[in-house]
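One structure is given here, and the rest of the page talks about it.
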Amino acid sequence: MKGISLEIKRSETVAIVGASGSGKTTLLSLLAGLDTPSRGQIFLGEREITALTEEQRAALRGEMVGFVFQTFQLLGSLTAIENVMLPGELKKQADAESHARELLERVGLGHRLSHYPRQLSGGEQQRVAIARAFASSAEILFADEPTGNLDSATGATIIDLLFELNREFGTTLVLVTHDERLAARCDRAVHIASGSLVANGATEE
Amino acid sequence: MNLNLILRFLWRDWRAGELTLLLGSLIVAVSTVTTITLFVDRLQRALHQESASFLAADMVIRSGDEVDPGLLQNEFTAPLQRAETLTFLSMVFSADRAQFASVKAVTDAYPLRGELITGDEPFQRGQPAEGGPPPGEVWLESRLFPALGVKSGDLLDIGVASLRIGKVLIKEPDPGGGFESTGPRVMMNMADVPATEVVQPGSRLTWSYLFAGSADAVSDYDEWVRPRLLEGSRILGIKDGAASVGRALERAERFLLLGGLLGVLLAGVAIALSAQRYAFRHFDHVAILKTLGASPGAIDQLFLLVFLIIGVLSTIADSAIGYLVQLGIVEILSPYIPVALPEPGIRPVIIGFVTGLVCLLSFALPPIMRLRATEPVRVIRRDLDSATVSDRLTYGAALAGTIGLMWWYSQDLWLTLLIFSGGLAALIVLSVVAFALLRSGRMLGMQAGSAWRLALAGMQRRGQENTLQIMVFGLAIMLLLILFLVRTSLLAEWQTQIPADAPNHFAMNISPADVAPIRTMLEDNNIHSQPLFPMIRGRISLVNGESASARDRSQRYQQDDEEQSGPRASSGRNLTWSATLPEDNKLVAGNWWPADYRGEPLVSLERDLAQRNKIAVDDEQVFTIQGRELRARVASIRTVSWDNMQPNFYIIFSPGALDDFPSTFMTSFYLDQSQKVFLNDLIHEHPTMTVIEVDAIIEQIQTIIAQVTLAIELVLLLILISGAMVLLASIQASMDERLKQQAILRTLGASQRLVMGSLLIEFCALGFFAGVLAFIGAEVTVFALETQIFELTYEINPQIWILGPVTGMVLIGLVGMLATRKVVRVSPTIVLRELA
């Protein structure tokens, strides 16, 4: 990545768009504090995450960041509800279970609470992942090609769900996609090519 | 698929690090087995040579009469070397003095094994001699020179022959320890025996016929001649050289063998684990190959060839490594190993090679076979299970491979089955327990709030995998504990057997008048001795009012072997009296009399004697001593440690009981090599006493036991190293799942303390369960081993109840943390990307 200067406002929805290998996922990892740049500064809220240790970044993630991955990244040994309970449990919230149940019902999986990921379809798995992302009451949500592994109909439902919940919770959403239609639903699209910012502007919608 | 493609495939796997663990396990497995086998093989042959020197041969026929020459010279003895010795007690005369001596006449080939050490002056260290004295010459033990007032070149009369005194006899390989070593040694040539005319009808002689040759030739001859020998002849093999050395040697061999067996087992487990992981990581690979049109047959071909190439190359390399490591060990240890090790043979290298291949086939093949069954649809749906090759085949192959290897290796089906079934039974029972333990009270959620609950919840959730892992850890720790326990009890037994200052001379036939002067003489020369025990021949005549000899006769129909059924009542025995309980004796019933007791005659009996004859405390027995009767009440029953090289008695009377009977006295004492000339003064001043010298034998026993001990410690160390490798392989094999879980927790913001804490707790808990399993399994197996194989008395071992679980926790906790520490060091994206 080189010469990237980018600001994302609270409650904004931003799409990072680019061809495969352009560096969009890397940018997302950096913004989310999953990775560290060799040079430069990144701020998340008030905190400069580039100055934090991995340990401090982990704490920050737990506090204010949620994730949705292309490959879902659910724990195979946990049921759907247990996966969604994780963030709450990490924060030692007493109501982690009831909160997780509500969220799963909200994403339409109230009837599959105790199913294991391998017993769920791809779309269902991604809905569990979305429920988990919102379970942490994160201020900012990062989604890496959330529909990349899904057919277009399922993908569309997932995206509707993601934006719906995003509005409901007033979350900031940063998502990586190469799907122009998805990007068009965001407030703003950031175009990346060969690790550089080529365009940064409001979408037409 | 052509070879070129396969080689490229192999190279890519290697470059990607997929083969590292598998190769590592293979290398450790095969090198451990090769190293142990090579080392044990060399050590065993060295010990055999050393022990053979005890007999001066590989096999000896000992007899009181001349053995029929037809038995000694035939097609069976043709491939063997032969020598003869004749031992007798005789007075020998110098110009002006006489001395009682033990004369040994030897043929020219003597000794067949070991060395005769001779010198030019008495009391020197000496050098090895080529064969015994030539005809017309005698060699004398050092102390005979001052005792007889002679020097080299003088004449010595034995019987009616005059022989010239040649060298000084410093050490002979087969000093013997019985009656014939009652006096100092004079060695002469067999050809001079007729001239002495000492061999007359009725003379007390010991003929020894010595044989040496290949193990097969010796055992063929042994088998043939044994049933043909007359009563009064005995065959001595290497293991009979000295009873305690024979036992020590036999047990040591079994121990080394056991060590090797456990090494094979550990190696197999390590290979199985890494092959499993290799296969697991290649499911996707195979699925993709299949979508690209590879048939199951082609997949089989590919992986079989890959494995064959890995197997053959690494085994060859490993055998070489094993050989070098073993050379290194020998090099490092050579100052401590007093015997020269013979050159390593080829057999251990073959064993290592075959072990590697068999392990690879029986442990690694089944998981690889699963690869062929991978469905191409896995490319799309990764979570499809690929297990279609039956588990029965997998486990069956591993079991068959293990048993086969162990059996081939030990050549002992009984030992193999014992270890195998003991271990297996313990594992099955305990894994059920472990599984039940893990499953009890399943908790909801991941309980991610605290490291404790997170860890335990995680363990329960992966109950099946964890049970398997506990079994593997448990197996490894159990094998180590078994080896440790057996080693400890073997060493303990050997060390108590002969302490460093064990008496090495027995003095007997001491008249009462000589007791005080001899005691003073021993004290003046700072010689540590046992008390002087009075000794009177006598026997029990009435057991509980019944004739002792009639009893023995009626029992004789059932069993006549004293070794098996215990000492007979009516046999003549050495009786003594004592105010105090001898050292090393332990009371098992009744009370010892007070030191100043002077009442009615009491007697204390040895336990086996009392048991065989059903004698209890307070029973009254009648003894016949020198034709007179003595009545005594049994006051106590005690055990005696017969092999402590001290005067020991079946029957001890209370003070005063034997005052009416004239007695002689005996004692035993310890003489250093430098103090031996003291014997001359002692015998010169008290010519009626008899001294039996067993110092040479004791010294040899101690040397061998020290060597065997060292060998055992070494093998334990080697096994420990391979055990640690198994643990590492096992933790590695389960690492992906753990890493993924912890990385996801990390993305969700879990703290380092939580992640590492839960991992530590999980590993320690696994280690703890494994340790519990291990100590229970070890107790059971050690019980079987010690009672069935090593003939030791089994005692429960509370120390491993703690040692097992603690070792498990520390080892697995430590290795686990080392292997997983990158979870918190590295950013979670990297971990997740690597695992994807």
Inset, instruction - Kindly indicate the residue of the range B:92-109 that is part of a loop (DSSP other than H, G, I, E, B) and of a type in the set (Ser, Thr, Tyr) and also modelled with the lowest pLDDT among those meeting that condition. - result: B:SER94
Inset, instruction - State whether the residues of the range A:48-59 include one that is in contact with a Leu (Cβ under 6 Å, 6 or more places away or on another chain), at pLDDT 85 or above and on the phi < 0 side of the Ramachandran plot. - result: no
Legend entry - A:LEU28, sole failed condition from (1) surrounded by fewer than 23 Cβ atoms within 10 Å (Cβ to Cβ); (2) assigned to a helix (DSSP H, G or I); (3) within 7 Å of chain B (Cβ to nearest Cβ): (3)
Inset, instruction - Return the residue satisfying two criteria in turn: it lies in the range A:113-129 and is part of a helix (DSSP H, G or I) and in contact with a helix residue (DSSP H, G or I) (Cβ under 6 Å, 6 or more places away or on another chain), and of such residues it is nearest to the other protein chains (Cβ to nearest Cβ). - result: A:PRO117
Inset, instruction - Would you mind stating whether B:ALA589 is at pLDDT below 85 and in contact with a strand residue (DSSP E or B) (Cβ under 6 Å, 6 or more places away or on another chain)? - result: no
Inset, instruction - State all residues of the range A:164-178 that are under 15 Å from A:LYS24 (Cβ atoms) and open to solvent by 80 Å² or more (accessible area, probe 1.4 Å); if no residue qualifies, say none. - result: A:HIS178
Inset, instruction - All but one of (1) under 23 Å from A:LEU90 (Cα atoms); (2) more than 11 Å from chain B (Cβ to nearest Cβ); (3) of a type in the set (Phe, Trp, Tyr) hold for A:PHE69, so report the exception by its number. - result: (2)
Legend entry - Single match in A:ARG118, A:ARG188, A:ARG181 (criterion: among the basic types (Lys, Arg), modelled with pLDDT of 90 or more, on the phi < 0 side of the Ramachandran plot and open to solvent by 10 Å² or more (accessible area, probe 1.4 Å)): A:ARG188
Inset, instruction - Among the candidates A:GLU7, A:GLU63, single out the residue that is assigned to a loop (DSSP other than H, G, I, E, B) and either facing another protein chain (nearest Cβ under 10 Å) or surrounded by fewer than 16 Cβ atoms within 10 Å (Cβ to Cβ) (or both). - result: A:GLU7
Legend entry - Complete set of residues in the range A:92-112 that are facing chain B (nearest Cβ under 8 Å) and not in a helix (DSSP H, G or I): A:LYS92
Inset, instruction - Please find, within the range A:76-89, the residue that is farthest from the chain's Cα centre (by Cα) out of those that are closer than 12 Å to B:LEU748 by Cα and facing chain B (nearest Cβ under 7 Å). - result: A:GLU89
Inset, instruction - Quick one: which residue in A:GLY18, A:GLY33 is of a type outside the set (A, V, I, L, M, F, W, C) and either open to solvent by 50 Å² or more (accessible area, probe 1.4 Å) or closer than 24 Å to B:ARG821 by Cα (or both)? - result: A:GLY33
Legend entry - Condition met for A:ARG39 (more than 9 Å from chain B (Cβ to nearest Cβ) and either of a type in the set (Val, Ile, Thr) or more than 30 Å from A:SER5 (Cα to Cα) (or both)): no
Inset, instruction - State whether one or more residues within the range A:180-199 are under 12 Å from the mean Cα position of the chain (by Cα), in contact (Cβ under 8 Å) with a residue 12 or more places away in the chain and more than 11 Å from A:VAL68 (Cβ to Cβ). - result: no
Inset, instruction - Quick one: in the range A:42-59, of everything that is within 7 Å of chain B (Cβ to nearest Cβ) and surrounded by fewer than 18 Cβ atoms within 10 Å (Cβ to Cβ), which residue is nearest to the chain's Cα centre (by Cα)? - result: A:ALA59
Legend entry - Among (1) at pLDDT 75 or above; (2) closer than 27 Å to B:LEU710 by Cα; (3) among the hydrophobic types (A, V, I, L, M, F, W, C) - the single one B:VAL325 does not satisfy: (1)
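The values are calculated or read from the model by the stated rules, or taken from the named source; none is laboratory data. None of these values were measured; they are calculated from a predicted model. Quick reminder, even Gly has a Cβ in these numbers, built from the backbone with ideal geometry, and neighbours come from all protein chains shown. Heavy atoms of the whole protein, side chains included, go into the accessibility calculation; ligands, DNA and RNA do not. Shrake-Rupley method; radii C 1.70, N 1.55, O 1.52, S 1.80 Å.
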